[in-house]
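The values are calculated or read from the model by the stated rules, or taken from the named source; none is laboratory data. None of the values given here were measured: they were computed from a predicted structure. Backbone-built Cβ (ideal geometry, glycine too); neighbour counts: all protein chains shown. Note: areas computed on protein heavy atoms with side chains; ligands, DNA, RNA excluded. Shrake-Rupley method; radii C 1.70, N 1.55, O 1.52, S 1.80 Å.
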Amino acid sequence: MPENFLEVKDIFKAYGSGDSKQEVLKGTDFTVTKGEFCVLLGPSGSGKSTLLNIIGGIDNADSGYISIDGEKLEDMNEKALTNYRRKHLGYVFQLYNLIPNLNVKENIEVGAYLSDNPLEIDDLLNTLGLYEHRYKLPNQLSGGQQQRTSIGRAIVKNPNILLCDEPTGALDYNTSKEILGLIENVNQRYGNTIIMVTHNEAISHMADHTIKLRDGVVRKNIINENKISAAELDW
Amino acid sequence: MKSPLKKRVPRELLAEWKKYFALFAIMTVTIGFVSGMLVANNSMEKSCNDGFEKYNIEDSHFILKEEASDKLIDAIEDEGVTVYKQYYKQVKERQIDKPKAEKSEVRVFKLRDKINKSSLLKGEYPSTKDEIVIDRMHADNVGIKIGDTIKVDGAKMRVTGFIALPDYSALYEDNSEIVFNAISFDVALVTNAGFNNLKGATVYEYAFDYDETPIDKADKKEKSDDFVERLYKLSATGGDEDNPDFENMNEVTGYLPEYLNQGIHFAIDDFGNDKALGETLLIVLIAVISFIFAITESNTIVKEASVIGTLRASGYTKGELLRHYMSMPIIVTLLAAIVGNALGYTFFKNSVVDMYYNSYSLATYETLWNSDAFIKTTVYPVLIVLIINSLVISSKLQFSPLKFLRRDLTKTKRSKAIRLPRWKFFKRFRLRILMQNISGYFTLFLGICFVMILLNFAVGLPATLDNYKSHAKEYMLSDYQYVLKNTLDKNGDDITTDESSAEKYSSRVLLTIDGPHVDEEITAYGFNKNSKYIDLTYNVKSNEVWVSEGYAKKFSLNKGDTITLKENYTNDTYDFVVKDIYNQPGIMAIFMPNNHFNKTFDYENDHFTGFLSNNKLDDIDEDYILSIITGDDILKMVNQLDHSMGSYMDYFGYACIVLAVLLMLLLTKIIIEKNTVSISMLKVLGYFSAEINSLYIRLTTIVVVISALIATYVSDLALQQLWRHVLNRLNGWFEFYVEWKDYGRMVIMVIIAYLVVLVLDMRRIRRIPMTEALKSVE
């Protein structure tokens, strides 16, 4: 039986108050094992991004808890949370969020700085296909190149968990597949646990584990026995 | 239909009220102060100019050694002038109940009813020989009140009122002094009986008006030059050049045309100069604020790029968007102008008036509506904000709708970013932040320069005065400089002294004819061979002179230059070649050996003017002494400057620190706002606050410290120029002197202001939520 690495227990989260109060997560429960590629799937408004932010320690749950490798996030103060993100997490966003005044290599160095034992940056640039673009600023790159840089920044510190929030949401079909292939490759090569938020059901076919959310509740929790590679995906 | 975008304006104002309020406050106070200054200055200037007619201000005055005979007066009046007696006695003034009070000299005139008429500000004119009215400014300075009894030339007199005399609006005892002296010098009016009752010697001063009023300053000068030459000749011949009348012969000992009379013009000129300075300060500050607005709006445009792209794609024109983004700076500027002008006409005007009344003896004035003040403090600021912002914002809006939609607002399409040296990552990161925010940091630098110029004045003026005070005695040729009325005693023998340190010298007052200050008095000194007090060699060519360091600095003279000076009362000129600069920074003088002096000015070989001595000369009869100049006389000037301005400088310094805090706070806020998403992202990635502060705050700190150091140099250059400009319209010279420790103080004051900003900025960075980075995702 594989060990539970991430435990999401009975998470409630609401925004606003009174009449305008909107419950986003209504008792979400699931677990993820170490090294697993997990997809949080759901339509817009299902609470998947909110859940990802709570897992990432940049938002708080109203009740319930998140436990990573036995440590509960709710027990952590701000400094411990920062340390948690610093040591264990990598983040990939839909719109990349690169630092605009740093070039590709420097953006990856932003991640490398946080690790005592970062990956070799030039090797990573080659792996990401960015070596020849390493001195370009983000606004001189295509969307796919920016997302690859963003992935590079996230994985350079070799995090335990890679959180990806709609990483292909702003990309075309081919580039999306290329990026998914890259994430798959990272998962296989470095063994990071990957939690990816998406509304694209096709992507769930490449995952080990799919959690379907709707209206803040887990509707389906599927372990994928017959996953396919990113290259085989089609939508 | 009105543009719906207008609805955003009040919301934007509310959302960013702290920033806009700070900008509004700075502009309101500046506009208010300048508006108040312009209103006060114009009103008082008008009052002073009207005074020429109202108080019948003289066209000139002259002083004769003896009372002029009727024949001489008739001859002088034949030159096209009307002469009025304006005799005075200059005597000691003491406060009976304040033995420790400043000792003063008072110049007592008879009540005036024809020329240079007085303005009674409080109380009533004297009606008996024991009553006196004195200058209001002097009374304020030394604490004399109406009803007080003072001792004037030993006689007790009751002060019945305070006056202002139009020819002593600035209390200059001697027109050649750098600064007036309303502390130890006073003017007063008494009845004829009161005047006759005073024992002091009468000075035979005559004021006159031209029968044909000169049309302009050039005409005044031409008439004056012609007149003084005739006056000199007529006096020397007793009023009859063809048949000199030896009985009525006289000697001109003083002549001062109205246009050179600082007592009449200093205050009026000061109003003009202060106006120019205030207007310049306003323009510079509004320009700095305009850039702050422009950077703010540019950042907003970048932030709202996709919205702008959508609006442009939907059919909104560039002009409509330009007007929208311009509306905020214009509204804030207009509001500041309205409130500033309202404060200017009330609070600030009174403050400025108080400041002038604390320096000058001015008659009453009436506040006048001033369209010039309104235009300069409303139209000019709005125009500056309009021009700078329309240039910056329209350049920012020039991109195509597609580029806005893609958030691609870079003008230059470099294929690669600028390569940086292989420094540590944080160092390179900081440099990138600097490069990205260069316009913000440059405006920060300009703001610091602006504040530093004001600070330099606030710190430098007291430092300059202190320096002058501590060196005043060194600026004297000797501790005592005696000027004799006549070098022969009543027996016809040379006046001598047994004091071993005493040494004879010669001097003559000449005037400059060109350079930065025409008609500046330059004293030509003749010195003895092996002089104890003037340490110069006797072997020079006949036309070679040493010039004092003060003269050389003010007129930018160098070794080998030729200078031309003219006689005080005639048009005779002398050419001299500068042999070298003599280390005397506090006086305006040239030096030559006595034999050259006598030859140049056609004196006998044994001619002399008085004595230089380091000890008091007790063996010379007071009747023979015209004046004794000591270090205390030099200090009068500094004390007056200290009194007029020194007390304000501390407050001014504090105001500068507040201004520095506000400007730096605004600019760093803009820089942090521009980097909010990046900072938020760094937090998401796991950067600690200390690391983020080390990137953003440390960079700003480095910029502030470097800017403060450079700004110290810039402010020094600016102040030196400004000081030169001010001194060029005055007699004399002393340097604007700021010590290293004062520069250090200025830098520390800016850094203290920055520490306040730093704490607030750290708080601001700490409060940036991590969700900021996620907002851009949505």
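Points worth noting:
- Subset of the range A:101-120 (residues that are more than 7 Å from chain B (Cβ to nearest Cβ), more than 17 Å from the chain's Cα centre (by Cα) and not basic (Lys, Arg)): A:VAL104, A:ASN107, A:ALA112, A:SER115, A:ASP116, A:ASN117, A:PRO118, A:LEU119, A:GLU120
- Matching residues, the range B:679-688, being open to solvent by 10 Å² or more (accessible area, probe 1.4 Å) and in contact (Cβ under 8 Å) with a residue 60 or more places away in the chain: B:LYS683
- Restricted to strands (runs of 3 or more DSSP E) entirely inside the range A:181-235, those with at least 1 residues that are in contact (Cβ under 8 Å) with a residue 24 or more places away in the chain, farther than 30 Å from A:ASP123 by Cα and open to solvent by less than 10 Å² (accessible area, probe 1.4 Å) are A:209-214.
- From the list B:LEU699, B:LEU663, B:LEU719, B:LEU709, the lone residue that is more than 30 Å from B:ALA139 (Cβ to Cβ), in a helix (DSSP H, G or I) and open to solvent by 50 Å² or more (accessible area, probe 1.4 Å) is B:LEU709.
- Among the residues making up the range B:1-49, those that are among the charged types (D, E, K, R) and either open to solvent by 30 Å² or more (accessible area, probe 1.4 Å) or at pLDDT 90 or above (or both) are B:LYS2, B:LYS6, B:LYS7, B:ARG8, B:ARG11, B:GLU12, B:GLU16, B:LYS18, B:GLU45, B:LYS46.
- Only residues that are open to solvent by 40 Å² or more (accessible area, probe 1.4 Å) and assigned to a strand (DSSP E or B) were counted across the range B:507-517, and they come to 2.
- Of the residues making up the range B:349-358, not a single one is crowded, with 16+ Cβ neighbours inside 10 Å, assigned to a helix (DSSP H, G or I), among the aliphatic types (A, V, I, L, M) and at pLDDT 90 or above.
- Residue list for the range B:510-530, filter: of a type outside the set (D, E, K, R) and without any contact (Cβ under 8 Å) to a residue 60 or more places away in the chain: B:LEU511, B:THR512, B:GLY515, B:VAL518, B:ASN530
- Candidate set: the range B:400-426, residues that are under 48 Å from the mean Cα position of the chain (by Cα) and in a loop (DSSP other than H, G, I, E, B); chosen: the one modelled with the highest pLDDT: B:LEU420
Quick grid of which residues meet (1) more than 14 Å from chain A (Cβ to nearest Cβ); (2) within 27 Å of A:LEU98 (Cα to Cα):
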{"position": "B:GLU735", "(1), (2)": "yes, no"}
{"position": "B:GLU739", "(1), (2)": "yes, no"}
{"position": "B:TYR754", "(1), (2)": "yes, no"}
{"position": "B:VAL757", "(1), (2)": "yes, no"}
{"position": "B:LEU760", "(1), (2)": "yes, yes"}
{"position": "B:THR771", "(1), (2)": "no, yes"}
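- Condition check for B:PHE62: outside any strand (DSSP E or B) and of a type in the set (Phe, Trp, Tyr): no
- Answer residue from the range B:487-506, given it is part of a loop (DSSP other than H, G, I, E, B) and without any contact (Cβ under 8 Å) to a residue 60 or more places away in the chain and is least open to solvent (accessible area, probe 1.4 Å) among those: B:GLY492
- Checked against the criterion of being of a type in the set (D, E, K, R) and at pLDDT below 90, the candidates A:LYS34, A:LYS79 yield just one match: A:LYS79.
- In summary, strands (runs of 3 or more DSSP E) completely within the range A:1-69 and bearing 3 or more residues that are under 16 Å from A:MET196 (Cα atoms) and more than 14 Å from chain B (Cβ to nearest Cβ) occur at A:4-15, A:22-33, A:37-41.
- Single residue of B:ILE752, B:ILE748, B:ILE765 found to be open to solvent by less than 20 Å² (accessible area, probe 1.4 Å), in a helix (DSSP H, G or I) and not assigned by TED's automatic domain parsing to the domain that holds B:SER556: B:ILE765
- The range B:359-384: number of residues that are surrounded by 15 or more Cβ atoms within 10 Å (Cβ to Cβ), part of a helix (DSSP H, G or I) and polar (S, T, N, Q): 2
- For the range A:41-68, a residue qualifies if it is acidic (Asp, Glu) and touching a helix residue (DSSP H, G or I) at 6+ places or on another chain (Cβ under 8 Å), and exactly one does: A:ASP59.
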